[in-house]
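S.K.: So that we are looking at the same thing, I have put the structure below in structure tokens.
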Amino acid sequence: MTKKTWLGSAVSLTLLASLLAACGANGSPNGNSNSPNAGSDNAATAGGTSGAAANADASKNEPSEKPVTINFWFPGESQVLEDYFINAAKEFEASQSHIKVNVTVLPSGADEIDAKLNAAKLSGTYPDVFSAYLIFMGTRGALNEFADLGGYLDKWEDKSDIQESALDLGKYQGKSIGVGYFPAPEIMTYRKDFFTEAGLDPEKPPTNWEELKADAEKLTVKDDKGNIVRAGVDVPLNNASPFFEAFMRQNGSPIIDEEKGVPAFADQASTEAFEYLTDLYQLGAIPYDYQKKDTVPFVSGKSAISYLTPAAISNLLKDKPDLKDKIGFGPVLERKNHVAFTGYRLFTIGSTSKLKDESWAFITFMMSKDQMWKRYKQLQIPIVRKSLEDQFIAANPAINSVLIDYVKSGKGKPVTPFTTRYNKYIHQAYEESVTKAKPAAQALQDAQDALIQELKTIK
Amino acid sequence: MERAADIDIPAVRSAGAEAVVRRRKRRLDADPIGYLLILPFYLFLLLFVLAPIGYNLFLSFTNYNLDTMHGVGINNYKALFYDRFFGIALKNTAIYAFFTLVLTVAFGQILAVFLNYKWGGIKWVRMSFFSPYVISMVAASMIWLWIYEPSHGVANTLLEAIGLNKVQWLQDTKWAMPAVIFTGFWKFLGYNVVIFLAGLQGISRDLYEAAAVDGAGGFRQYLKITIPQLMPVTFFLIVTGLINNFNVFEQIQIMTGGGPLNSTTTLVHQIYNRAFQEFLIGYAAAMSIVLLFLVALLTAANFWYGSRSHES
């Protein structure tokens, strides 16, 4: 080979090496490649602290007065919610001298959050504090992603002031891994003007299953061809488990035996609940996906009764202020059990966090009376402190007296490692039932058998 | 002549191996810069394609769940036979792939023939057919979600205008898959049209003139000249379309979430759910290996059929 060829090769090799080195170089001037904000949709450092410095401090794991930065992730839902958390983090930073908070806003969908958390877990950038949905207590709790908060809770002087349900929901297999702070009950919401139009008393919403069905019949409006113009009650078709689980539980079904960890929804109670909901659906419901809140018929005036979260009600009233006096709220329906569906968000600490003490300090700040009341005032999030109950009801008796009952009697998604798989089968059974593809009993039995079979074979 | 028994086989093998090494060295010496310049591509292929496939194959024999990992032999593959969703997804994927492919290739070719004529504003017409292809599938799915909306959607408004009843496009098991297929057809038709147009413009005019002299009409020319001359292009579109259609995911995830009653769930949708919603990474890896072999098999069958057609 000639000298020229070798020289050419050497130059090419150098160029290639430079190219690869450039590609691999860290884009961050401080070299903080582990920053969880690197790939986040919307991130803000409340105090503007350098992520590199923070991580360097974090690695030392010293609960001292040296400046440290904790990473806090929460699911976004609206600009108001995001603003609240970012401001709260700033207030926390101002309240003491050494802990900074790196705030990251996540997408609101559980599946999108799962994707983010999976990536964070695999890259070693799991957040210190994470605002988790209730479903994560089982699905991600089983993967040991959350730290045991038992020790912190035992020493926390305010523990006795927190509603028991907010603490119980954060337990997985007896271990406390989350502290509930954001109840999201599904409240019966109805249009008073439609009630009047149908000849019903607008101040008397349905109080049990029979009344709901009777009212729904009277409230359903059809055109000359028999097409539904307005549904009596919203009965979702897809992803509707928060909706129908409330009916299953009200009728006495345990849905899942959480102690034994086995499905228990193919029972008489669930069958009756599904048959009842099938009747409601067949009255003339407008099918929609329960997870797509913007498609709820009630929001566009196409139904008279619906189940909505406080946030959805608040957004509706903000978009259509003229509805303020036309909307009423119904109680938890009476049946065998006094129970409603209440979704929850909980504060958790990542099991890999090296700043657990600082993270707990942030959680206790966020659980303080002051912050809880701010959350109610700014975001209409119901309170979970017993000492705030009277103040909460007095602030808006019309809705809050109803709301507090929903929160107290609220039960969320079953906390099991297989909740996602359970969802798949129960949604199928529900869809089969309400569309009359199968009788309710058969749909439930088939779903339970298939789930048990899957849990045995696919591990 | 030397007898076979007298030949020193190890020595011959050694000499053969040395010859191979010498030949390789000669090739490297002949053009080291060339090899060096293609090195990044091979490094990329190794790091980002072959290594992940190998790792995925390894994972398919484990029960990895993002927390723990144990070997489970071929249990994941055995479990596929008991997984009703896998069977449904396989069937749905085949239906989606078949209909989307047939529609986009058939209509793509016919449209390309019409768009190959020179008439006023033809560039704009061509561009309008191609424009859906450059839109992201996520955006396109959102648009079609709005079109298929049951109470106020454009599709049902049109049906009502001509006196027909509304259809629950994405909520009815009968209509959900056709609705998703139509979205795919709308999205990919333009790409096929453009490729067919390029193929058409490569066909010599002499062939058509000769056929016309022999008395062949337009339809006969299309059958006897256009279709055979477009065979390589058609073959390319079938192979790439098949691979794309087997990987259908975004529109399913956004428009139907696999429902109603799993009538639109597909293989990739199931892989995603199993891996990232249910944390059954090992099992999902087994599913993706099956998908890989399925696509490879179909592609190989296409190539075999293509080469046979070419020879004949």
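S.K.: Are any residues in segment A:122-153 in a helix (DSSP H, G or I) and over 20 Å from the mean Cα position of the chain (by Cα), and if so, which ones?
M.R.: Of everything in segment A:122-153, those that are in a helix (DSSP H, G or I) and over 20 Å from the mean Cα position of the chain (by Cα) turn out to be A:L122, A:S123, A:G150, A:G151, A:Y152, A:L153.
S.K.: Working only within segment B:131-147, note down all residues that are open to solvent by 60 Å² or more (accessible area, probe 1.4 Å) and not in a loop (DSSP other than H, G, I, E, B).
M.R.: B:Y133, B:V134, B:V138, B:M142, B:I143, B:W146 - these are the residues of segment B:131-147 that are open to solvent by 60 Å² or more (accessible area, probe 1.4 Å) and not in a loop (DSSP other than H, G, I, E, B).
S.K.: Right, another one. Being of a type outside the set (K, R), under 26 Å from A:T342 (Cβ atoms) and within 14 Å of chain B (Cβ to nearest Cβ), is that true of even one residue in segment A:93-108?
M.R.: Scanning segment A:93-108 turns up at least one residue that is of a type outside the set (K, R), under 26 Å from A:T342 (Cβ atoms) and within 14 Å of chain B (Cβ to nearest Cβ).
S.K.: In addition: If you take just the helices (runs of 4 or more DSSP H) that sit entirely in segment A:158-256, which of them hold at least 1 residues that are surrounded by 16 or more Cβ atoms within 10 Å (Cβ to Cβ) and within 14 Å of chain B (Cβ to nearest Cβ)?
M.R.: So the answer is A:241-250.
S.K.: Which of the residues that make up segment B:108-130 are outside any helix (DSSP H, G or I) and among the polar types (S, T, N, Q)?
M.R.: Of everything in segment B:108-130, just one residue is outside any helix (DSSP H, G or I) and among the polar types (S, T, N, Q), namely B:N116.
S.K.: Hey, among B:L66, B:L59, which residue is within 25 Å of B:G258 (Cβ to Cβ), at pLDDT below 90, of a type outside the set (G, A, S) and surrounded by 12 or more Cβ atoms within 10 Å (Cβ to Cβ)?
M.R.: B:L66
S.K.: Among the residues in segment A:192-208, are any hydrophobic (A, V, I, L, M, F, W, C) and within 27 Å of A:E432 (Cβ to Cβ)?
M.R.: So far as segment A:192-208 goes, no, none of its residues is hydrophobic (A, V, I, L, M, F, W, C) and within 27 Å of A:E432 (Cβ to Cβ).
S.K.: Okay, moving on. B:E250 is checked against (1) open to solvent by 60 Å² or more (accessible area, probe 1.4 Å); (2) over 18 Å from B:Y133 (Cβ atoms) and fails just one. What number does that condition carry?
M.R.: (2)
S.K.: Kindly indicate whether B:T100 is closer than 30 Å to B:Y191 by Cβ, in contact (Cβ under 8 Å) with a residue 12 or more places away in the chain and surrounded by 11 or more Cβ atoms within 10 Å (Cβ to Cβ).
M.R.: Yes: the conditions hold for B:T100.
S.K.: Okay, moving on. Which one of A:I286, A:I327, A:I383 is at pLDDT below 90 and touching a helix residue (DSSP H, G or I) at 6+ places or on another chain (Cβ under 8 Å)?
M.R.: A:I286
S.K.: Here's another thing I want to ask about it. I need a count of the residues in segment A:142-152 that are more than 11 Å from every other protein chain (Cβ to nearest Cβ), surrounded by 16 or more Cβ atoms within 10 Å (Cβ to Cβ) and either out of contact with any Gly (no Cβ under 8 Å at 6 or more places or on another chain) or more than 22 Å from A:L117 (Cβ to Cβ) (or both).
M.R.: 1
S.K.: Could you look through segment A:69-97, keep only residues that are within 26 Å of A:S351 (Cα to Cα) and acidic (D, E), and pick out the one that is most open to solvent (accessible area, probe 1.4 Å)?
M.R.: Among them, the one singled out is A:E77.
S.K.: Got at least one residue in segment B:41-51 being more than 14 Å from chain A (Cβ to nearest Cβ), assigned to a loop (DSSP other than H, G, I, E, B), open to solvent by less than 60 Å² (accessible area, probe 1.4 Å) and among the β-branched types (V, I, T)?
M.R.: Scanning segment B:41-51, I find no residue that is more than 14 Å from chain A (Cβ to nearest Cβ), assigned to a loop (DSSP other than H, G, I, E, B), open to solvent by less than 60 Å² (accessible area, probe 1.4 Å) and among the β-branched types (V, I, T), so the answer is no.
Okay, residues lined up against (1) assigned to a helix (DSSP H, G or I); (2) open to solvent by less than 60 Å² (accessible area, probe 1.4 Å):
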| site | (1), (2) |
| --- | --- |
| A:W373 | yes, yes |
| A:P382 | no, yes |
| A:N400 | yes, yes |
| A:Y425 | yes, yes |
| A:E432 | yes, yes |
| A:A437 | no, no |
| A:Q442 | yes, no |
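S.K.: Inspect all residues belonging to segment B:281-295 and state whether any of them is more than 14 Å from chain A (Cβ to nearest Cβ) and free of Cβ contacts under 8 Å to residues at least 24 places away in the same chain.
M.R.: yes
S.K.: Now for a separate question. Search segment A:282-306 for residues being over 23 Å from the mean Cα position of the chain (by Cα) and open to solvent by less than 30 Å² (accessible area, probe 1.4 Å), and hand back the single one that is nearest to the other protein chains (Cβ to nearest Cβ).
M.R.: Among residues in segment A:282-306 that are over 23 Å from the mean Cα position of the chain (by Cα) and open to solvent by less than 30 Å² (accessible area, probe 1.4 Å), the one nearest to the other protein chains (Cβ to nearest Cβ) is A:I286.
S.K.: Within segment B:75-97, can you find the residues that are within 10 Å of chain A (Cβ to nearest Cβ) and touching a residue at least 24 places away in the same chain (Cβ under 8 Å)?
M.R.: Residues satisfying the conditions are B:N76, B:A79, B:L80, B:F85, B:F86.
S.K.: Answer yes or no: is there a residue in segment A:127-135 that is farther than 21 Å from A:D168 by Cβ and either touching a strand residue (DSSP E or B) at 6+ places or on another chain (Cβ under 9 Å) or surrounded by fewer than 22 Cβ atoms within 10 Å (Cβ to Cβ) (or both).
M.R.: Yes: segment A:127-135 contains one or more residues that are farther than 21 Å from A:D168 by Cβ and either touching a strand residue (DSSP E or B) at 6+ places or on another chain (Cβ under 9 Å) or surrounded by fewer than 22 Cβ atoms within 10 Å (Cβ to Cβ) (or both).
S.K.: Now for a separate question. (1) open to solvent by less than 30 Å² (accessible area, probe 1.4 Å); (2) in contact with a helix residue (DSSP H, G or I) (Cβ under 6 Å, 6 or more places away or on another chain); (3) facing chain A (nearest Cβ under 10 Å): which one isn't true of B:F276, the others all being true?
M.R.: Condition not satisfied by B:F276: (1).
S.K.: Anything in segment A:384-398 that is open to solvent by 20 Å² or more (accessible area, probe 1.4 Å) and assigned to a loop (DSSP other than H, G, I, E, B)? List them, or say none.
M.R.: The one that is open to solvent by 20 Å² or more (accessible area, probe 1.4 Å) and assigned to a loop (DSSP other than H, G, I, E, B): A:N396.
S.K.: What residue, of B:N247, B:N192, is assigned by TED's automatic domain parsing to the domain that holds B:K123 and closer than 24 Å to B:K123 by Cβ?
M.R.: On inspection, the qualifying residue turns out to be B:N192.
S.K.: Taking the options A:T419, A:T435, name whichever one is in the same structural domain as A:Q268 (by TED's automatic domain parsing), under 25 Å from the mean Cα position of the chain (by Cα) and in contact (Cβ under 8 Å) with a residue 60 or more places away in the chain.
M.R.: Going through A:T419, A:T435 in turn, just one is in the same structural domain as A:Q268 (by TED's automatic domain parsing), under 25 Å from the mean Cα position of the chain (by Cα) and in contact (Cβ under 8 Å) with a residue 60 or more places away in the chain: A:T419.
S.K.: Could you check, for segment B:206-220, whether at least one of its residues is assigned by TED's automatic domain parsing to the domain that holds B:Q109, in contact (Cβ under 8 Å) with a residue 60 or more places away in the chain and within 22 Å of B:Y117 (Cα to Cα)?
M.R.: No.
S.K.: Separate question: How many residues are open to solvent by 50 Å² or more (accessible area, probe 1.4 Å), part of a helix (DSSP H, G or I) and within 14 Å of chain A (Cβ to nearest Cβ) when one looks only at segment B:148-202?
M.R.: Counting residues in segment B:148-202 that are open to solvent by 50 Å² or more (accessible area, probe 1.4 Å), part of a helix (DSSP H, G or I) and within 14 Å of chain A (Cβ to nearest Cβ) gives 5.
The values are calculated or read from the model by the stated rules, or taken from the named source; none is laboratory data. In this text, all values refer to a predicted model and were calculated from it rather than measured experimentally. Positions of Cβ are generated from backbone atoms using ideal geometry, with glycine treated the same way; all protein chains shown enter the neighbour counts. Only protein heavy atoms, including side chains, enter the accessible area calculation; ligands, DNA and RNA are left aside. Shrake-Rupley method; radii C 1.70, N 1.55, O 1.52, S 1.80 Å.
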